[in-house]
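One structure is given here, and the rest of the page talks about it.
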Amino acid sequence: MDQQKTIAKLTLENEELRKQNKANEQRIAELETLLKSFQAKLFGTKSEKTVSVNENQMTLWDDDSVFTWSEHTDKQSAESSQEKIQKSPKKREKRQKQIEDLEIVKNIKRLKETTCPYGQALKVVGERFIGKKLHYKPAELWVVEEYVATYACACAACLAQNNGQTAFFSAEKATPLFPHSLATPTLLENIVYQKYVLGTPLYRQLKDWRRFGWNVCEPTLAAWVIQGADKLRSLYDLLHKKLLQRPYLQGDETVVKVLREPGKKPTAESRMWVQRTVQKDKLQAIYYAYRRDRSEKSACSLYSGFTGVLQCDGYQVYPKVDCADRVGCLAHVRRKFFEAAKYSQAAKGPLKILDQIFHQEKKWASLNSSARINKRNEFLRPLFEKFWQALATTCAALPKSLLGKAIAYALGQREAINKLLQYGAIDISNNTCEQAVKSLVIDRKNFLFSTSVAGAEANAIWLTLIESAKANGLDPQKYLTKILTVVPQLGPFPTEKELEPYLPWN
């Protein structure tokens, strides 16, 4: 009897050990997958294209991959795919296209001696074209000393008006950009353009400015950037007001650091929130807003007054935003299955369905909203149902594994994702907004952080105006010069009517 109890006890212990070993094996496999994932993020390719296992195997469709829209540069990826399948243009045509917008100066080489060897004068009978050369003129700095002319009048009427004294008149003095400063709109525009478009931080600009003969210091440039942003804050606020009146918006946010923020450590993370109109909107605007956190309060204040449909990811604060409806982003769902498919065969089935959805959607990207709704309901709705069924039949995955997280995220966003079939004006991914985020991310890699809250807010203002100008097909340099010249002249409290002509879409 005791022997049977002992055997039963040992059997039970062995069973417990087997379960524990199996759990440990699963945990080890999960940790190994996470390690490989982190290594891939550090050292691997950042592309999210689905490629064939065999490089010699032909792709399923004509383009390079099923999913050619990367996280931030979907438009660029589509353009590069089209370029590869098109026939390369002739070299001369390509060169001509590169310089078609540049000014052309005609230069004719003439003989120094205009007589023949026998002393007879030569006549010009024509010109022979030799070729075109592209020239460059280095940037220059120069100082303009400004004076105001003074006039005097001693006519009888003026003498009587001034109690017998000569009357003096002066030309109207232009209002400076900043009082008692060397700054001009063109100079500040170039500083801002280098910082936010070319990604050149202020301390690296100093070498060039000193090479041009201007011995400036970094705090001066930083002060000008902040003060210039304050001059344009009214235009920035009006752009946000107009943005909130649109029927559809996309939203996202990213991490920024501010060293000297009251109540926070220098290493603490703050947020730059991004809002933009959808690609189908006739009004293109991108708005950046600095907030000290990623809280529900920040989100609700940023979207206060918006009554349209918001497209965003699955971050928990977005459902708290008061708006007409919230739509999900299929690219966020796909991204998680793409990562999981590197280490799990079970993730490849759902990923393939998502690739088919994006491939179908790409076909009617240029259609109007109503036509896209019809196409989506005809072709995408069956694929959506197939995707959810695939998740239901996928073998059980550990909740903390990449596949488990992908499934949990997708199921949590199911209602928001299905609403993509209802709104033809909205893309099935939030990539257009993420592309706007990338502009900030590239700048952040160069200037790393903001010293003060004022600097972070200035970053938001400049990025808003520059990226909105680019979205409307404007030259950001010319646009910045225009608004820096005109808007400060409107006074400290310009009206909406005065500012309206200088919004990027106008």
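Below is a table of values for the structure above.
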item: Difference of contour (0.36 nm per residue) and Cα-Cα distance, Arg95 to Arg211; result: 38.5 nm
item: Rounded percent of accessible protein surface that carbon and sulfur make up, the stretch 153-309, 1.4 Å probe; result: 52 percent
item: Anisotropy class of the stretch 296-366 from Cα gyration tensor, a/c 1.5 cut; result: oblate
item: Whole-Hz ³J(HN,Hα) from phi, Karplus 6.51 cos²θ - 1.76 cosθ + 1.60, for the stretch 156-164, glycine and proline x; result: 4, 5, 5, 4, 5, 5, 10, 6, x
item: Environment charge of Gly349, counting only residues whose C-beta is closer than 12 Å and scoring Lys/Arg +1, Asp/Glu -1; result: +2
item: Those chymotrypsin sites (Phe, Trp or Tyr not before Pro) in the stretch 185-274 that DSSP places in a loop and that have at most 15 other beta carbons within 10 Å; result: Phe212, Trp214
item: The stretch 411-506, accessible area per residue, ligands and nucleic acids excluded (1.4 Å, Å²); result: 41 Å²
item: The stretch 222-278: relative contact order as a whole-number percent, Cα under 8 Å and 6+ apart; result: 33 percent
item: Ile286 long-range amide H proximity, modeled H, under 5 Å; result: Ser468
item: Cα-projected label distance for Leu35 with Val486, points at 7 Å along beta-carbon direction, nm; result: 6.2 nm
item: Under 5 Å, built H, 5+ apart or other chain: amide partners of Asp293; result: Arg271
item: Residue-wise HN-Hα coupling along the stretch 307-319, computed from phi with Karplus coefficients 6.51, -1.76, 1.60 (Hz; x: Gly, Pro); result: 10, x, 9, 10, 9, 7, 7, x, 4, 5, 7, 5, x
item: Coil-residue trypsin sites (Lys or Arg not before Pro) of the stretch 150-258, DSSP, other Cβ within 10 Å capped at 11; result: Lys173
item: Extension gain (nm, one decimal) between Leu383 and Asn107, 0.36 nm per residue minus Cα-Cα; result: 93.1 nm
item: Of all accessible heavy-atom area on the stretch 375-476, the percent that carbon and sulfur account for (1.4 Å); result: 56 percent
item: Rounded to whole Hz, the Karplus (6.51, -1.76, 1.60) HN-Hα couplings of the stretch 375-383, x for glycine and proline; result: 5, 5, 5, 7, 10, 8, 4, x, 5
item: Cleavage-rule hits (trypsin sites (Lys or Arg not before Pro)) in the stretch 267-355: DSSP loop, at most 10 neighbouring Cβ within 10 angstrom; result: Lys282
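The values are calculated or read from the model by the stated rules, or taken from the named source; none is laboratory data. Quick caveat, the model's predicted, so the values are computed rather than measured. As a convention, Cβ positions derive from the backbone with ideal geometry for all residues, glycine included, and neighbour counts pool all protein chains shown. These accessible areas exclude ligands, DNA and RNA; they are computed on the full protein's heavy atoms, side chains included. Shrake-Rupley method; radii C 1.70, N 1.55, O 1.52, S 1.80 Å.
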